[in-house]
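Notes follow once the structure below has been shown.
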Amino acid sequence: KQEVTQIPAALSVPEGENLVLNCSFTDSAIYNLQWFRQDPGKGLTSLLLIQSSQREQTSGRLNASLDKSSGRSTLYIAASQPGDSATYLCAVITGGGNKLTFGTGTQLKVEL
Amino acid sequence: NAGVMQNPRHLVRRRGQEARLRCSPMKGHSHVYWYRQLPEEGLKFMVYLQKENIIDESGMPKERFSAEFPKEGPSILRIQQVVRGDSAAYFCASSPDRAKNIQYFGAGTRLSVL
């Protein structure tokens, strides 16, 4: 059974800092891995999707890496801004299935 | 191309009533997924449907919950005789045939059971 863990559960940083969010999964046979953002009381916004054959994806200040063999992914946020404050979720689709298995998220607060 | 549409956005029910949550997938998408986010918990898969068929319902509670995706119209998640523990955010996602493993999410329906 696939299990996804995110560390840390919560993070508070000053504006401008670069930061790394971590995600680990127990079954390396994944189709893809996605990073989402969720604002309080809102839906999910897809940030980056990494196919199993890829090592990383970049979008603006965000960079996500994937190491399938070790079951890890990181989301790097450069020059953080207060508007980045949200919960960040990591999710994988495991081989043979279509359902996403989510981590419990990292709650990020970027302070002025 | 409109995104995944869920309605209502907020739903209040009293214990014992029925809740019907609707999801219209993106145009051209024939795969629909329902997820539930309980308070202080992560999102959990409930059911995966492809037009008129339930493909995977391994995450659905055994009783009171059902889902359908008819040939015409939205997908419906139905909860009978709701209890307070059903209070949660319910999210729907859809994907196209050509990229079944890429899911696009709706804004969710927040169900509150009084």
*asked:* So B:Phe91 passes all but one of these: (1) without any contact (Cβ under 8 Å) to a residue 24 or more places away in the chain; (2) within 13 Å of chain A (Cβ to nearest Cβ). Which condition number does it fail?
replied: (1)
*Any idea how many residues of the stretch A:8-39 are more than 10 Å from the chain's Cα centre (by Cα) and either assigned to a strand (DSSP E or B) or free of Cβ contacts under 8 Å to residues at least 24 places away in the same chain (or both)?*
11
*Please specify each residue of the stretch A:90-112 satisfying the condition of being under 12 Å from the mean Cα position of the chain (by Cα) and not in a strand (DSSP E or B).*
A:Gly103, A:Thr104, A:Gly105
_Qualifying position, being within 11 Å of chain B (Cβ to nearest Cβ), surrounded by fewer than 17 Cβ atoms within 10 Å (Cβ to Cβ) and in a strand (DSSP E or B), among A:Thr87, A:Thr45_ = A:Thr45
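Residue-by-condition table, conditions (1) in contact with a Leu (Cβ under 8 Å, 6 or more places away or on another chain); (2) surrounded by 14 or more Cβ atoms within 10 Å (Cβ to Cβ); (3) in a strand (DSSP E or B):
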{"site": "B:Arg15", "(1), (2), (3)": "yes, no, no"}
{"site": "B:His29", "(1), (2), (3)": "no, yes, no"}
{"site": "B:Trp34", "(1), (2), (3)": "yes, yes, yes"}
{"site": "B:Met46", "(1), (2), (3)": "yes, yes, yes"}
{"site": "B:Leu49", "(1), (2), (3)": "no, yes, yes"}
{"site": "B:Ser58", "(1), (2), (3)": "no, no, no"}
{"site": "B:Lys62", "(1), (2), (3)": "no, no, no"}
{"site": "B:Glu72", "(1), (2), (3)": "no, no, no"}
{"site": "B:Val82", "(1), (2), (3)": "yes, yes, no"}
*For B:Glu41, indicate whether it is within 11 Å of another protein chain (Cβ to nearest Cβ), loosely packed, with under 14 Cβ neighbours inside 10 Å and without any contact (Cβ under 8 Å) to a residue 24 or more places away in the chain.*
yes
*Quick check: is even one residue across the stretch A:49-71 surrounded by fewer than 20 Cβ atoms within 10 Å (Cβ to Cβ), over 12 Å from the mean Cα position of the chain (by Cα), within 10 Å of chain B (Cβ to nearest Cβ) and in a loop (DSSP other than H, G, I, E, B)?*
yes
*the stretch B:94-110, subset assigned to a loop (DSSP other than H, G, I, E, B) and either in contact with a His (Cβ under 6 Å, 6 or more places away or on another chain) or in contact (Cβ under 8 Å) with a residue 12 or more places away in the chain (or both), residue farthest from B:Leu43 (Cα to Cα)*: B:Pro96
*Are there any pairs with C-beta distances below 7 angstrom linking a residue in the stretch A:83-112 that is closer than 16 Å to A:Val20 by Cα to a residue that is buried (at least 17 other Cβ atoms within 10 Å of the Cβ) and of a type in the set (D, E, K, R), with the two at least 6 apart or on different chains, and if so which?*
A:Ala86/A:Arg37; A:Tyr88/A:Arg37; A:Leu108/A:Asp84; A:Val110/A:Asp84
*B:Thr109 versus (1) touching a Lys or Arg at 6+ places or on another chain (Cβ under 6 Å); (2) within 14 Å of chain A (Cβ to nearest Cβ): which is the lone unmet condition?*
(1)
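Values in this text are rule-based calculations from the coordinates and carry no lab data. This one's a predicted model, so the numbers in the text were calculated from it and none came from an experiment. Here the Cβ is made from the backbone with ideal geometry for all residues, glycine too, and neighbour counts use every protein chain on show.
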